[in-house]
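Below is one structure; the comments refer to it alone.
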Amino acid sequence: MSYVDEVIELVVAKNPAQPEFHQAVKEVLESLRVVVEANEEEYRKDALLERMVNPERQIMFRVPWVDDKGQVQVNTGYRVQFNSAIGPYKGGLRLHPSVNIGIIKFLGFEQIFKNSLTGLPIGGGKGGSDFDPKGKSDREVMAFCQSFMTELMKYIGADTDVPAGDIGTGAREIGFMYGQYKRLTGLYEGVLTGKGLTYGGSLARTEATGYGLLYITEEMLKCNGSDIKGKTIAVSGSGNVAIYAIQKAQQLGGKPVTCSDSTGWIYDPEGIDVALLKEVKEVKRARLTEYAAARPSAQYHEGKGVWSVKVDIALPCATQNELDLEDAKQLVANGCIAVAEGANMPTTMEATEYLQEKGVWFIPGKAANAGGVATSALEMSQNSERLSWTFEEVDGKLQNIMKNIFHSLDDAAKKYGMEGNYVAGANIAGFLKVAEAMKAQGIV
Ligand code: NDP
Ligand code: 2IT
């Protein structure tokens, strides 16, 4: 059996009931076959792939907190410190009832290669909890965040592990966590990113993931003789990534016509009104029905459906496995030319393969959404030098980083005889840097 197949089998056997983690590992290792086969003897001897798929450390802990009725609630907290070969662990904290160790491991594994692609010195990690911030009062969210950080603070630090936001963790949650970290440790340091601008946050971090998604999509389209101008775009989600993807798409002359949340979706043929969407989601924390109520051109539908709309470009920005084979078929039938993943692993493997077979340009999340973590790394740099850069400075660096990422995928795909396969290009380019750093540092 080939080394890649052996390691995939091992991962499935040793990590039962973690389908998302299996999926992420398979997707990466499948496209590394050509690289692994060329170095098989050396990689096997060093157990390089076994070390790559085993987190350096996994932390799970109890998070007790008191709700507004005086009832004690107990959640589970996680931090998976996956790989520190190229820098301190870096990756977000997801707060969502679906969170379990398998989800955090899939996200942490992806983060290793994503962070490598940014070209910045950050290792891979991820964390979170099955706590659901939805419907909770600010005081309840603060109680949870303080309890969560009371345990997490033992394992993180500005030079060891720097968490940030993800689903359910935005500026409010980062603020509460930062306050508790500072109170417990007495350290005013860049231990979290996505901080508010008054206490060490970076300009453009809020926008970075969505903006970065559009910068890389534009670069990819340009290199293939097209661009965003005049294109109709389907976006899923209506959170941090989706909102700023929609905003930048409009600035580049595109027309995003959809967005969604976990209960329904909007089709707005006149184009999404970003100011209204921000008001509904960022200020009121309300459902999309409120968007539809305030906007005569918008149609609200219950359930899933953004991929059924006829568009040129699809940008999944909500969650994993939200775009399946049936959705991919519908997009292709409607003439979609490009899919770029704002979310982590939003496209199933079958859907990805189908899109690629049909000639749809496809940029995987670990490249397409890397602008968020890249700008987090820029926030760490600013914190280290105790300076704040202007919006234009950070945004300019972000644009360069996203362009460079696209070219590193494109070059790697070409070098290994898979021109245009940006999935393989991302996995190979991300992997090679980490593999080299691991080799140089010996068996650790
Ligand atoms: P937010 O919490 O801000 O928004 C998430 C959005 O997706 C909401 O509209 C939410 O709807 C929807 N959503 C979440 N889970 C589900 C689900 N199970 N089913 C249907 N809809 C769902 O998160 P972000 O925008 O920050 O993150 C979105 C994606 O982007 C995630 O995959 C995340 O890992 C990834 N990402 C985020 C980065 C960042 O910087 N924030 C960086 C890189 C990747 P509802 O409110 O109804 O739950
Ligand atoms: O998935 C991701 O890259 C993020 N949620 C952002 C991580 C970060 O450290 O900014």
Considering (1) within 13 Å of ligand 1 (Cβ to nearest atom); (2) more than 20 Å from the chain's Cα centre (by Cα), say which one Gln180 fails and leave the rest. (1)
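This table checks each residue for (1) farther than 21 Å from Ala204 by Cβ; (2) away from ligand 1 (no atom under 15 Å from the Cβ).
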site	(1), (2)
Leu288	yes, no
Ala293	yes, yes
Val306	yes, no
Leu315	no, no
Val339	yes, no
Glu350	yes, yes
Leu355	yes, yes
Gly359	yes, yes
Ser376	no, no
(1) away from ligand 2 (no atom under 16 Å from the Cβ); (2) within 20 Å of the chain's Cα centre (by Cα): which one isn't true of Gly365, the others all being true? (1)
Hey, could you check the stretch 22-57 for residues that are outside any helix (DSSP H, G or I) and closer than 19 Å to Phe82 by Cβ and say which is farthest from the chain's Cα centre (by Cα)? Asp46
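Each row is one residue, and each column tells you yes or no for (1) in a helix (DSSP H, G or I); (2) not small (Gly, Ala, Ser).
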| site | (1), (2) |
| --- | --- |
| Val339 | no, yes |
| Glu353 | yes, yes |
| Gln356 | yes, yes |
| Ser388 | no, no |
| Glu392 | yes, yes |
| Ile401 | yes, yes |
| Leu409 | yes, yes |
Filter pass, Gly170 being modelled with pLDDT of 95 or more and within 26 Å of Val423 (Cα to Cα): no
Counting only residues in the stretch 93-129 that are assigned to a helix (DSSP H, G or I) and not hydrophobic (A, V, I, L, M, F, W, C), the one farthest from the chain's Cα centre (by Cα) is identified as Gly102
Within the stretch 307-337, count every residue that is assigned to a loop (DSSP other than H, G, I, E, B), under 22 Å from Gly91 (Cβ atoms) and not acidic (Asp, Glu). 6
If I ask for residues that are buried (at least 18 other Cβ atoms within 10 Å of the Cβ), in contact (Cβ under 8 Å) with a residue 24 or more places away in the chain and in a helix (DSSP H, G or I), which ones from the stretch 6-21 would you list? Val7, Val11, Glu20, Phe21
For residues that are of a type in the set (Gly, Ala, Ser) and within 22 Å of the chain's Cα centre (by Cα), scanning just the stretch 378-398, find the one that is farthest from ligand 1 (Cβ to nearest atom). Gly396
Which one is farthest from Phe21 (Cα to Cα), of the residues in the stretch 328-352 that are within 21 Å of the chain's Cα centre (by Cα), away from ligand 2 (no atom under 16 Å from the Cβ) and not β-branched (Val, Ile, Thr)? Ala338
Does the stretch 140-159 contain at least one residue that is within 12 Å of ligand 1 (Cβ to nearest atom) and in a loop (DSSP other than H, G, I, E, B)? no
Considering every residue within the stretch 73-88, establish whether at least one is of a type in the set (A, V, I, L, M), surrounded by fewer than 18 Cβ atoms within 10 Å (Cβ to Cβ) and either more than 16 Å from ligand 1 (Cβ to nearest atom) or farther than 16 Å from Met149 by Cβ (or both). yes
Please verify whether the stretch 207-224 includes one or more residues that are within 16 Å of ligand 2 (Cβ to nearest atom), touching a residue at least 40 places away in the same chain (Cβ under 8 Å) and in contact with a Ser or Thr (Cβ under 7 Å, 6 or more places away or on another chain). yes
Quick one: what pairs do we get from the stretch 237-252, first residue under 10 Å from Leu214 (Cα atoms) and within 15 Å of ligand 2 (Cβ to nearest atom), second part of a helix (DSSP H, G or I) and aromatic (Phe, Trp, Tyr), C-beta under 8 Å, 6+ apart or different chains? Tyr244/Tyr211; Ala245/Tyr211
Lys397: closer than 16 Å to Tyr211 by Cα, of a type in the set (Lys, Arg) and out of contact with any Leu (no Cβ under 7 Å at 6 or more places or on another chain), yes or no? no
State yes or no: is Val63 touching a Gly at 6+ places or on another chain (Cβ under 7 Å), surrounded by 13 or more Cβ atoms within 10 Å (Cβ to Cβ) and of a type in the set (Val, Ile, Thr)? yes
Residue under question is Leu187, and the condition is that it be surrounded by fewer than 23 Cβ atoms within 10 Å (Cβ to Cβ), in a loop (DSSP other than H, G, I, E, B), of a type in the set (A, V, I, L, M) and without any contact (Cβ under 8 Å) to a residue 40 or more places away in the chain; does it hold? yes
Assess whether Ser384 counts as being closer than 26 Å to Arg205 by Cβ and buried (at least 18 other Cβ atoms within 10 Å of the Cβ). no
What are the residues in the stretch 87-101 that are aliphatic (A, V, I, L, M) and more than 14 Å from ligand 2 (Cβ to nearest atom), if any? Ile101
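The values are calculated or read from the model by the stated rules, or taken from the named source; none is laboratory data. Note that the coordinates shown come from a computational prediction; the quantities given were computed from them, not determined experimentally. Here Cβ is always computed from backbone atoms with ideal geometry, including for glycine, and neighbour counts include all displayed protein chains.
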